[in-house]
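So the structure is just underneath, and the comments pick up after that.
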Amino acid sequence: MSTDTEAFLNDLLDNRPVMYGPDPELTGEFRLRPRTDREDAALAAVTDPTDLTVGLSRIEAVLESSMQMLQQISASSAAKWGDLIIGIYTREGDFAIATSGGVNMFSATTSPVPKFINRYWADEPTVGLAEGDVFYHNDANYGGTHNPDHTLLLPLYWEGEHVAWIGAVVHEGENGASLDPGGFAVRATTKYGEGVRIPPMKIGESHTLRRDVVNMFQNQVRDPLLWLTDIRAKLAAARSVERRMHDFMAERSPELLVATLRSVLENTETEVRRRIAAWPDGTYRGVHFGDTTLLEERLFKLNVELDKRGDTLTVRTAGSSPAIDRALNTQAHFTRAMVANLFMNFLYGDLPRTAGFIAALDYDLEPGSILTADTEHPSSLSLTTMFCLNAALHQAVTKAMFSAPGPAKPMAPWYAMIPTLQYGGLTQHMQVTANVSTEMNAAGGGARCDADGEHAAGPVFAPVSDWGEMETREAELPLLGLWREIPADNHGFGRYRGGASVEWAYMLYGSQMFGFGITSMGGRFPVTAGMFGGYGGSCTPLTRIRPDGGVDAVRTWLAGGAKGLTYDGPSMVADQPLPGSYEVGNPVQPADPIVEGDIWIQRMGGGGGYGDPLERDPQEAMTDLRRGLISPEVARAVYRLVWDPQRMEVDARATETARATERAERITRGRGYDEFVAGWRADTPPEHLGFLGSWEWPDAAG
Amino acid sequence: MSDRIRMTEYLVIDRTTRSWHCERCDHRIGPATQDYKRGLLLHDRDPREIHPPRFPDGHDVAPDPTWCRIVEYYCPGCGTQVEAEYLPPGHPLVHDIEIDLDALEAR
């Protein structure tokens, strides 16, 4: 073998892999990178610590205004109402400062993306890294949450030195999945059915997009205008941050920028650890279940065990269901981000959103589970599993932190699921579109230890967001909104009740070529748990009406005064004021073409209740009844309320008597632990559940 | 200084006697070295009694009782509902809190 040939082969084997696939070392990294010499020098150059506070405030202000700009100019309906983030990463790639609104858990899960670019592309002669380069990414195997979340990155330079990364992340509503429009590939059984997968790659130079590359992306999706608009929008927002960071460095110094980023990361990690240290040492567990794999009704399990010692909190997930060939798998880095989401949005919202949150915890995530899928598994609906994890995690964390002093208030779990329309087709304006609707942002808030939950407050992943107007939907899509109403008994009951959400009804109107889908859970097993004796939320089935005579029959019915229209799904099904077929089913339906005039009715879920419902202030329960938040059945059976039905006023004395009677009956009907377990415990799960994975839980007392 | 620490909305640990107590009525639930649930009264609740059904059959706003049960835990002293656990029928109950009592004593 000649020297040249040997060198060629060595180069091929050692330095030229067939493909630069996801790097498990990078996606598995959750600690902060060690301080660099540059960061040490920058921190040493800051003599007045107040400057770091000023730096943080100024950077946050820049990010917030740029995010608002991105919301305005983006085409993604999700971005318009808050499903986005803008932030700055250190040069090494740790996400240092993010906007306080939007999906701030992106700050916990996108750091592997700039780290990948640093490791593989910066010194690669055919790619390289220079000021003005534009990078893009959506493949969740390389970092991030799921493929609809797209990240655009700009390296931030100052006088030839690469000092940081700027990122703009937006949930894009169409990804080119083979069967399902709207970004959520509900029918995918491999990752190859989930549409475009973009590893971290350069898509432009000198702040200019390569149109041939963008064109290739557009060619893979149903809504090429959405992609073009939003890549440009993200670039514009990132450039806005870049310009203002240049102003910052010119006015102050690049050292202050580098020092601020580093100090925010370190301070957040230190502060989270300090607060955790105040929690009582011990082991805390939570469990929750999902009731569909998206293609069939099967029960799967999410186990959480927290081991807390000193300032170390280890999150374990052993016993959770195994990864499967359905799109609800999630990667471990998203699982860690969901933990961070709870901490940054529901416990310590006073701290900056940074990668310091995930760095403050430890993780022992069992490989091969639905929470730690490998790179071949489909995962575009990983968020549905994350929501079920959130219910288990929330309960365990709340029990762990309850007795600790500090800013975090115990509360019941938020409603965490997305029973919202995903759609695609031809609009009434003859435009091709595919996206998701933002009713998902109308989730009911969990009850707090001292107050009821907020109605239709925001999704668990972006509490500062909006769900938009029905009229906006009608203007852009071939839809007629029939109602949005808060239904009775939609929330969790308790001493403090959860916030309710809304039931909506849309009819396809103005297009013959349009499809709806819904990708959610909670048709048989509720997705929201209660807290400390409070009850969880109700289930949220999907109702589909296909009127006889189609849209013409509906038009006639509406023009005639819509006799029998109750603005309520269950009574519409019971009364059937429009002749036709009525079907109530699981809130999981792939997006297929439907018939003009078809009506879909769906409700978002309510938040969990907190505390024993018998402790609810009778006047407050009476107010719930008057307002239609609860039905008379719930008022009687759950709150033991006694009232005058004519005057709709509570009888406080009779209520107290009824509650005392119920408390006594609880003691009579309750069984001792061993007796109960003997009658309760099953060695194997009921066959009809199609249960996935381990039924046993070795550490469970029962 | 109090020897009692409130651990949850309804549970207190007495560090002197190392025992769980009801926060509302002070009933001694049991030794804090073991699962507090062993000292409570349990009831298997059909979820339709709490979440009233609204649809004629099949999927409903009420959880399916063959998929989901609510295990209610009551204080034997006062009848307060301490926990309400949503589980598939027959699933092992959750041992949700194990406190390190030595560490708690040292706080």
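The values are calculated or read from the model by the stated rules, or taken from the named source; none is laboratory data. Values in this document were obtained by computation on a predicted structure and should not be read as measured data. Glycine also receives a Cβ, built like all others from the backbone with ideal geometry; neighbour counts cover every protein chain displayed. In case anyone asks, the SASA skips ligands and DNA or RNA and just uses the protein heavy atoms, side chains included. Shrake-Rupley method; radii C 1.70, N 1.55, O 1.52, S 1.80 Å.
With A:Pro322, A:Pro224 as the choices, which residue is touching a Gly at 6+ places or on another chain (Cβ under 7 Å) and open to solvent by 40 Å² or more (accessible area, probe 1.4 Å)?
Values: A:Pro224 fails: touching a Gly at 6+ places or on another chain (Cβ under 7 Å).
From the options A:Pro322, A:Pro224, the qualifying one is A:Pro322.
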Among the candidates A:Tyr136, A:Tyr157, A:Tyr142, which residue alone is farther than 26 Å from A:Ser76 by Cα and either hydroxyl-bearing (Ser, Thr, Tyr) or free of Cβ contacts under 8 Å to residues at least 24 places away in the same chain (or both)?
A:Tyr157
Given the criteria at the interface with chain B (Cβ under 7 Å from one of its Cβ atoms), without any contact (Cβ under 8 Å) to a residue 24 or more places away in the chain and loosely packed, with under 14 Cβ neighbours inside 10 Å, does A:Ala682 qualify?
yes
Hey, does the range A:265-277 have a residue that's buried (at least 20 other Cβ atoms within 10 Å of the Cβ) and in a loop (DSSP other than H, G, I, E, B)?
no
Determine whether A:Ile518 is outside any loop (DSSP other than H, G, I, E, B), in contact (Cβ under 8 Å) with a residue 12 or more places away in the chain, closer than 24 Å to A:Leu302 by Cβ and β-branched (Val, Ile, Thr).
yes
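Residue by residue, here is whether (1) touching a Cys at 6+ places or on another chain (Cβ under 7 Å); (2) modelled with pLDDT of 95 or more; (3) open to solvent by less than 10 Å² (accessible area, probe 1.4 Å) holds:
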{"residue": "A:Trp467", "(1), (2), (3)": "no, no, no"}
{"residue": "A:Thr472", "(1), (2), (3)": "no, no, no"}
{"residue": "A:His491", "(1), (2), (3)": "no, yes, yes"}
{"residue": "A:Thr519", "(1), (2), (3)": "no, no, yes"}
{"residue": "A:Thr528", "(1), (2), (3)": "no, yes, yes"}
{"residue": "A:Gly533", "(1), (2), (3)": "no, yes, yes"}
{"residue": "A:Gly536", "(1), (2), (3)": "no, yes, yes"}
{"residue": "A:Thr540", "(1), (2), (3)": "no, yes, yes"}
Return the total of residues in the range B:65-82 being within 7 Å of chain A (Cβ to nearest Cβ) and in contact (Cβ under 8 Å) with a residue 60 or more places away in the chain.
2
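Checking the condition part of a strand (DSSP E or B), open to solvent by less than 10 Å² (accessible area, probe 1.4 Å) and small (Gly, Ala, Ser), which residue from A:Ala177, A:Ala188, A:Ala164 passes?
A:Ala164
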Condition first: within 12 Å of chain B (Cβ to nearest Cβ) and either more than 39 Å from the chain's Cα centre (by Cα) or within 22 Å of A:Tyr415 (Cα to Cα) (or both). Now tell me which residues in the range A:605-634 satisfy that.
A:Gly605, A:Gly606, A:Gly608, A:Gly609, A:Tyr610, A:Gly611, A:Asp612, A:Pro613, A:Arg616, A:Ile630, A:Ser631, A:Val634
Could you say whether any residue in the range A:455-463 is assigned to a loop (DSSP other than H, G, I, E, B) and on the phi > 0 side of the Ramachandran plot?
yes
If you go through the range B:37-64 one residue at a time, how many are farther than 28 Å from A:Ser501 by Cβ, facing chain A (nearest Cβ under 7 Å) and open to solvent by 10 Å² or more (accessible area, probe 1.4 Å)?
4
Would you confirm whether any residue within the range A:123-138 is over 21 Å from A:Val214 (Cβ atoms), assigned to a helix (DSSP H, G or I) and open to solvent by 10 Å² or more (accessible area, probe 1.4 Å)?
no
Determine which single condition A:Phe676 fails, assuming it passes every other condition in (1) more than 11 Å from chain B (Cβ to nearest Cβ); (2) open to solvent by 10 Å² or more (accessible area, probe 1.4 Å); (3) in contact with a strand residue (DSSP E or B) (Cβ under 6 Å, 6 or more places away or on another chain); (4) assigned to a helix (DSSP H, G or I).
(1)
Where A:Glu596 falls short, out of the listed (1) surrounded by fewer than 22 Cβ atoms within 10 Å (Cβ to Cβ); (2) farther than 30 Å from A:Tyr423 by Cβ; (3) touching a residue at least 12 places away in the same chain (Cβ under 8 Å)
(2)
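Return yes or no: is A:Pro577 under 18 Å from A:Ile486 (Cβ atoms), free of Cβ contacts under 8 Å to residues at least 60 places away in the same chain and open to solvent by 10 Å² or more (accessible area, probe 1.4 Å)?
Numbers: under 18 Å from A:Ile486 (Cβ atoms): no; free of Cβ contacts under 8 Å to residues at least 60 places away in the same chain: yes; open to solvent by 10 Å² or more (accessible area, probe 1.4 Å): yes.
Here the answer is no, as A:Pro577 does not meet what is asked.
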Condition set facing chain A (nearest Cβ under 7 Å) and part of a helix (DSSP H, G or I), scope the range B:85-107, selection nearest to A:Gly533 (Cα to Cα): answer is B:Leu104
Return a yes/no flag: does the range A:1-9 have any residue that is within 40 Å of the chain's Cα centre (by Cα), among the aromatic types (Phe, Trp, Tyr) and surrounded by 11 or more Cβ atoms within 10 Å (Cβ to Cβ).
no
Inside the range A:542-597, counting only strands (runs of 3 or more DSSP E) that do not spill past its ends, which hold 1 or more residues that are of a type in the set (Ser, Thr, Tyr) and farther than 13 Å from A:Ala505 by Cβ?
A:580-585
Looking at the range A:337-437, what strands (runs of 3 or more DSSP E) fall wholly within it and have at least 2 residues that are over 26 Å from B:Leu87 (Cβ atoms) and outside the structural domain of A:Ala591 (by the TED database)?
A:421-426, A:432-436
Quick check on my filter: what residues within the range A:552-602 are touching a helix residue (DSSP H, G or I) at 6+ places or on another chain (Cβ under 8 Å), at pLDDT below 95 and within 14 Å of chain B (Cβ to nearest Cβ)?
A:Thr566
Say we look at the range A:635-670 and pick out the residues that are away from chain B (no Cβ under 11 Å), of a type in the set (Val, Ile, Thr) and part of a helix (DSSP H, G or I); which of these is farthest from B:Cys78 (Cα to Cα)?
A:Thr655
Only one of (1) assigned to a loop (DSSP other than H, G, I, E, B); (2) within 30 Å of B:Lys37 (Cβ to Cβ) is not met by A:Glu296, so which one is it?
(2)
Answer with yes or no whether A:Asp291 is within 19 Å of B:Asp96 (Cα to Cα), within 14 Å of another protein chain (Cβ to nearest Cβ), among the charged types (D, E, K, R) and in contact (Cβ under 8 Å) with a residue 12 or more places away in the chain.
no
Looking across the range B:65-84 at residues that are touching a Phe, Trp or Tyr at 6+ places or on another chain (Cβ under 9 Å) and part of a loop (DSSP other than H, G, I, E, B), the single one that is surrounded by the fewest Cβ atoms within 10 Å (Cβ to Cβ) is B:Trp67
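On the given criteria, is A:Glu255 assigned to a helix (DSSP H, G or I) and touching a Gly at 6+ places or on another chain (Cβ under 6 Å)? So that I can check it myself, show each step before the final result.
Working: assigned to a helix (DSSP H, G or I): yes; touching a Gly at 6+ places or on another chain (Cβ under 6 Å): no.
Judged against the criteria, A:Glu255 is not a match.
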Could you look through the range B:15-36, keep only residues that are assigned to a strand (DSSP E or B) and touching a Phe, Trp or Tyr at 6+ places or on another chain (Cβ under 8 Å), and pick out the one that is most open to solvent (accessible area, probe 1.4 Å)?
B:Arg28
When you scan the range A:184-240, how many residues do you find that are over 25 Å from A:Tyr423 (Cβ atoms) and modelled with pLDDT under 95?
0
